[in-house]
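Only one structure is covered here, and it is reproduced in the block below.
The values are calculated or read from the model by the stated rules, or taken from the named source; none is laboratory data. Owing to the predicted nature of the structure, the values given are computational and were not obtained by experimental measurement. Positions of Cβ are backbone-derived with ideal geometry, glycine not excepted, and every protein chain shown enters the neighbour counts.
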Amino acid sequence: MLTAAYARYSSDQQRDASLDDQLRNCRAYCARQGWAEPVVYTDAALSGARADRPGYRQLLADASRYDVILVDDLTRLARDSIESAKAVKRLTFAGVRLIGVSDGVDTARKGHKLEVGMRGMIGELYLDELAEKTHRGLTGRALDGASAGGLPYGYQVTTVGERAIDEAEAKIVRRIFAEYVDGSSPRAIASGLNRDRVPSPRGSTWAMTAIRGDLRRGIGILANPIYIGQQVWNRSRWVKHPETGRRVRQERPRSEWVTTEHPDLAIVDVPTWNAAQARMGACGRGGLAVGRGRTPRHLLSGLLKCGECGGPIVVLDRYNYGCSIAKDRGTCSNRVRLKRGPTEERLLAGIRRDILNEEAFQRFQRAAGAALASAAPNTDALRRRLSEAERERDNVMRAIREGVITKTTKAALIAAEAAIEEASSGLERARQFQPAQFLPRAREAWQRITASLADAARDVAAARSAIHDLLGEDLRLVNKNGDLFAEIAASSDAQINVVAGAGFEPATFGL
């Protein structure tokens, strides 16, 4: 009897020992039944509401290898009623018996579908009830004035739920507010903090978004009211996506916010806070992080990388490209600005002339043909593997007919059948391998890229996709003897001159 066991626990607050406890129950059950010890699959710190758990997915993929799969109880398999039903249906279809050691679920019994459905629903309701109780407890903590969330920069934990001002960090908070009220931009403030080697809240370098923040969500130094002693909790909630099981933030209405006053936690005075909020409002967007999740609107934004720090080259203003790390953090020394229009024109012209020409395509065609020919599957080897696997299966079947049946007989038969299936599939793929069909499609792709770049002004998204497909993901802007080149990482000697900035003379393209 070939068996497998699956164990899981949900969060970082639980212990690896939970897996050991579950597996011990499964092994003990196998011992009582006289079965071999199970093959083990596990997932640690992953909710049963998620269907993308690696151990769980591997178990389902391997299920047909086993006669029985054991779990401590059905909620270890899944805490979602739909996912539980799908998993059980898949296992029963494959002829695999599922047993819940502690809760008594057994798909070999009639009526197991009703039991699986009920237990799946119970598991789902448990999660809902747990979330409700947790939220109720946190609401009580927030109403009592205790911390019900993370620890903002500028504070330290004293006891559970209690915070105090961290004077070293509070000094930085006051500096940020003072500089912003005096007219410095979040970008300039971040650059100054990095220049002075002040660690950010995460221990690395400061970004302007950590300073500017988001007034709607109350995050970031300038947007968090905790700095005037006002704690706001319950602005948002996390819900699990019904398909991926991953948590997604949803904003709550203002009527559900819990606001409490804590004068002892105030780091800046009210006039300074009000002045900062007034300036953010006057600057537009209410302090929201600009461009979060927005599709790039400019041809080269993010496609080019800085040759010094590796950060993305982005649009700095209406007219210029430049290094985003130098712009937002001030930690990169690359201050070169590239005129947007001329830079885009030069790069496109260089691609059309030096890469998208017939001679270059012919070179590619010859290289691709040679690579495809060398990559052609060896059908003779696949036929030999298939013949060997079939011979092994016949030997096992002969032994079974002669009464030679051991614990390993079925395992040997399953392994032989799997080898036959794998070799047969490989042979079929080899028969379908037709490299002659690739090159005409390559010509079509080549022509599509050419057309997309020709129409770059009207369809920026298509042109960006074409550049990415053609040149890859690592297109670095490098300075060579006063000239700037877009260096294509996929080819050590491929580069396009994109000189367009102040102090640089126009230059020809090089490939």
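Taking each residue of the stretch 18-43 that is over 20 Å from T408 (Cβ atoms) and looking for partners that are aromatic (F, W, Y) and in a helix (DSSP H, G or I) with beta-carbon atoms closer than 6 Å, six or more apart or interchain, yields D43/Y56. Residue-level check: of (1) over 30 Å from the mean Cα position of the chain (by Cα); (2) modelled with pLDDT under 80, G293 misses just (1). Within this structure, K113 fails the test of being modelled with pLDDT under 85 and exposed (fewer than 12 other Cβ atoms within 10 Å of the Cβ). Residue pairs whose Cβ atoms lie under 6 Å apart, sitting 6 or more positions apart in sequence or on different chains, and linking a residue in the stretch 341-356 that is closer than 17 Å to D469 by Cβ to a partner that is of a type outside the set (F, W, Y) and loosely packed, with under 15 Cβ neighbours inside 10 Å, do not occur here.
Please go through the stretch 58-76 and give me each residue that is under 16 Å from G95 (Cβ atoms), among the aliphatic types (A, V, I, L, M) and within 30 Å of the chain's Cα centre (by Cα), ordered by number. Of everything in the stretch 58-76, those that are under 16 Å from G95 (Cβ atoms), among the aliphatic types (A, V, I, L, M) and within 30 Å of the chain's Cα centre (by Cα) turn out to be L59, L60, A61, A63.
Summed over the stretch 394-431, residues that are basic (K, R) and surrounded by 13 or more Cβ atoms within 10 Å (Cβ to Cβ) total 1. Within the stretch 425-456, take every residue that is at pLDDT below 70 and assigned to a loop (DSSP other than H, G, I, E, B) and give me the one that is farthest from the chain's Cα centre (by Cα). Out of the qualifying residues, it is Q434. Checking each residue of the stretch 300-323 against the condition of being surrounded by fewer than 21 Cβ atoms within 10 Å (Cβ to Cβ), in contact with a Gly (Cβ under 6 Å, 6 or more places away or on another chain) and modelled with pLDDT under 85 gives at least one match.
Of the residues making up the stretch 58-95, those that are of a type in the set (F, W, Y) and assigned to a loop (DSSP other than H, G, I, E, B) number 1.
Is the stretch 39-47 home to any residue that is of a type in the set (D, E, K, R) and under 23 Å from the mean Cα position of the chain (by Cα)? Yes, there is a match, as at least one residue in the stretch 39-47 is of a type in the set (D, E, K, R) and under 23 Å from the mean Cα position of the chain (by Cα). Considered as a group, the residues in the stretch 207-225 that are buried (at least 18 other Cβ atoms within 10 Å of the Cβ) and in contact with a strand residue (DSSP E or B) (Cβ under 8 Å, 6 or more places away or on another chain) include one that is farthest from H262 (Cα to Cα), and that residue is G213.
Here E179 clears all of (1) surrounded by 14 or more Cβ atoms within 10 Å (Cβ to Cβ); (2) among the charged types (D, E, K, R); (3) under 30 Å from D52 (Cβ atoms) except the condition numbered (3).
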